[in-house]
Amino acid sequence: MIISTGVACIIMVGGFLLLVLIRVPVAFALGIATVPVVLMDMRLTPFIVLDRMFQSYNSFILLAVPFFLLAANLMNSGKITDRLIDLSRVLTGWMPGGLGHVNVAVSMLFAGISGSSTADAAGCGKILIPAMVKEGYDRRFAIAITACSSVMGVIIPPSILMVVWGGVMQVSVGALFLAGAIPGLLIGFALMATVYGYAKVYDYPIALRPTLCDLWRAFKGAFLAMLTPVLVIGGIVGGIVTPTESAIIAAGYALILGMFVYRTVTWRDLGGIFYETGRFASISLFAIGTASGFGWTLAFFNVPRLIVTFMTSMEFGYFGTALVIAALFLFFGLFIDAIPTIIILGTVLMPVAAAADIQPVVFAIIGIVSLAFGLVTPPYGLCLLISAAIGGMNVVQVMRDVVIILIPMLIILFLVILFPEIALWLPATLMPSAFP
């Protein structure tokens, strides 16, 4: 029996959505959804799909994922996050809504070290949400701003999503890192403007202005931690190391800081840190394998070609196609983790973007920023779930504030679509070789 493209698409996509709705983990749902068509179509065998899954792991760049996660866990366990919070408090705590600005600023600093939004939400949220509530901030606002600011972890370089995107789409990871810097900073400034508006409306407290001595003390305490993005991004842009090697350097540097410089990580702590890193890395990497098998099976039945033909026949042009791409990533991000979405949806939409003359780096930034917002939008909304759990509230109770805070962030995404130079300027200036 030979299955047609339409039937295969209905069986696979419908089966996947059904499995997700009954709360089967996404990584397993992707693999299970391929089983019916593999068994029904005489041209396929289970071993072919398994082979495609194993081939997806044959990528040196994917080794960067566990090492960036290890660096983030070492930073959190080594109390380095506390030093970044101290610096952020000195730099921004004196403005109206001081601790709200500190929340955003420390997420920007932590994003330049970890590459993980969930690590940001967990590490910073445990400290800042209780502190904000104690100083009189509304609990819902404290949870919402912590969750929304944490999404910068996958936008401001280094970023685990950019590493995966570069490996899957064959795009320069260094160029992606540089392209995410300005949009990430703009999102941070938009969040600060939102905090300022909240502070004026609800009369949130202002901390005392710091002295030069306070500034020097905080800067000196966080200086070594802030060197991490310089080592990682500088090494890649300078052509000294690969993304995987830079991730190893970041993890090794975090280990040295925690164990020998700050002495906040002991030998006994390492077992738990390695275990947590291995657990999260295995979840991400397993999802890469099943998503690759799912994506390859869709390609076997020519589903991507059907979508490309439909999209090009609509003649949306550059702007319309970019908006549709962003909308699709935003929608899929509501239900599915970012990594499998990149592998499935990204590979399908890549020829659509190329047909509309969307530069591969711009396409990547539109996709990654859109998927980042999925981290704070239910039902998936992992960063929102983490922050709400820390704050002791239900997700539904904080959704109003999340929507308000997301609006200026979506405006930044719209500006990146409207003016792609926002993303392209930095990589085109510092890495012109990445643009043949």
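The values are calculated or read from the model by the stated rules, or taken from the named source; none is laboratory data. Since the structure is predicted, the reported quantities are computational estimates derived from the model, not experimental observations. Heads up, the Cβs are rebuilt from the backbone with ideal geometry, glycines too, and the neighbour counts pull from every protein chain shown. All accessible areas refer to the heavy atoms of the entire protein, side chains included, with ligands and DNA or RNA removed. Shrake-Rupley method; radii C 1.70, N 1.55, O 1.52, S 1.80 Å.
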Filtered residues of region 308-367 (kept if free of Cβ contacts under 8 Å to residues at least 24 places away in the same chain and of a type in the set (Phe, Trp, Tyr)): Phe310, Phe331
Can you pull out the residues in region 391-423 that are open to solvent by 40 Å² or more (accessible area, probe 1.4 Å) and not β-branched (Val, Ile, Thr)? Gly392, Met393, Asn394, Gln397, Met399, Arg400, Leu410, Phe414, Leu415, Leu418, Phe419, Glu421
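Residues in region 239-250: is at least one outside any helix (DSSP H, G or I), of a type outside the set (A, V, I, L, M, F, W, C), open to solvent by 30 Å² or more (accessible area, probe 1.4 Å) and touching an Asp or Glu at 6+ places or on another chain (Cβ under 8 Å)? Please lay out each step first, then the result.
Here is the first cut: in region 239-250, the ones outside any helix (DSSP H, G or I) are 239-242.
Applying the additional criterion that residues be of a type outside the set (A, V, I, L, M, F, W, C) yields 239, 242.
In the following step, the residues that additionally are open to solvent by 30 Å² or more (accessible area, probe 1.4 Å) were identified as 239, 242.
Cutting the leftovers down to touching an Asp or Glu at 6+ places or on another chain (Cβ under 8 Å) gives us none.
No, the conditions are met nowhere in region 239-250.
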Can you name every residue in region 352-379 that is farther than 22 Å from Ser313 by Cα and among the acidic types (Asp, Glu)? none
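Can you confirm whether Arg83 is out of contact with any strand residue (DSSP E or B) (no Cβ under 7 Å at 6 or more places or on another chain), basic (Lys, Arg) and under 26 Å from Gly167 (Cα atoms)?
Numbers: out of contact with any strand residue (DSSP E or B) (no Cβ under 7 Å at 6 or more places or on another chain): yes; basic (Lys, Arg): yes; under 26 Å from Gly167 (Cα atoms): no.
Judged against the criteria, Arg83 is not a match.
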Which number in (1) touching a residue at least 60 places away in the same chain (Cβ under 8 Å); (2) under 25 Å from Val102 (Cα atoms); (3) in a helix (DSSP H, G or I) marks the one condition that Thr297 misses? (2)
Odd one out for Cys213, checked against (1) in contact with a Leu (Cβ under 7 Å, 6 or more places away or on another chain); (2) surrounded by fewer than 17 Cβ atoms within 10 Å (Cβ to Cβ): (1)
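Can you name every one of the helices (runs of 4 or more DSSP H) wholly within region 21-96 that holds 3 or more residues which are modelled with pLDDT under 85 and among the β-branched types (Val, Ile, Thr)? Please lay out each step first, then the result.
Values: elements: 26-33, 35-40, 46-56, 64-77, 80-92.
Here the list reads 80-92.
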If I ask for residues that are open to solvent by less than 10 Å² (accessible area, probe 1.4 Å) and either within 26 Å of Trp425 (Cβ to Cβ) or touching an Asp or Glu at 6+ places or on another chain (Cβ under 8 Å) (or both), which ones from region 339-357 would you list? Ile342, Gly346, Leu349, Val352, Ala353
Would you please name the residue that is surrounded by the fewest Cβ atoms within 10 Å (Cβ to Cβ), looking only at residues in region 259-289 that are assigned to a helix (DSSP H, G or I) and aromatic (Phe, Trp, Tyr)? Trp267
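Give Phe335, Phe419, Phe363 a once-over and let me know the one that is at pLDDT 90 or above, more than 23 Å from Leu62 (Cα to Cα) and of a type in the set (Phe, Trp, Tyr). Don't jump to the end; show me each part of the working.
Details: Phe335 fails: at pLDDT 90 or above; Phe363 fails: more than 23 Å from Leu62 (Cα to Cα).
The conditions single out Phe419.
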Looking at region 307-318, can you tell me whether even one residue there is closer than 25 Å to Ser172 by Cβ, touching a Leu at 6+ places or on another chain (Cβ under 7 Å), in a helix (DSSP H, G or I) and of a type outside the set (S, T, N, Q)? no
Scan (1) among the small types (Gly, Ala, Ser); (2) open to solvent by less than 10 Å² (accessible area, probe 1.4 Å); (3) at negative phi for the single condition Gly97 breaks and write down its number. (3)
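For every residue, the table says whether it meets (1) in contact (Cβ under 8 Å) with a residue 12 or more places away in the chain; (2) open to solvent by less than 20 Å² (accessible area, probe 1.4 Å); (3) hydrophobic (A, V, I, L, M, F, W, C).
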| position | (1), (2), (3) |
| --- | --- |
| Met40 | yes, no, yes |
| Thr45 | no, no, no |
| Ser59 | yes, no, no |
| Pro66 | yes, no, no |
| Asn76 | yes, no, no |
| Lys79 | yes, no, no |
Condition met for Val133 (of a type in the set (A, V, I, L, M, F, W, C), closer than 30 Å to Arg279 by Cβ and open to solvent by 20 Å² or more (accessible area, probe 1.4 Å)): yes
Find all pairs meeting these conditions: Cβ atoms under 7 angstrom apart; at least six residues apart or on different chains; first residue within region 238-257 and without any contact (Cβ under 8 Å) to a residue 24 or more places away in the chain; second residue open to solvent by less than 10 Å² (accessible area, probe 1.4 Å) and not in a helix (DSSP H, G or I). none
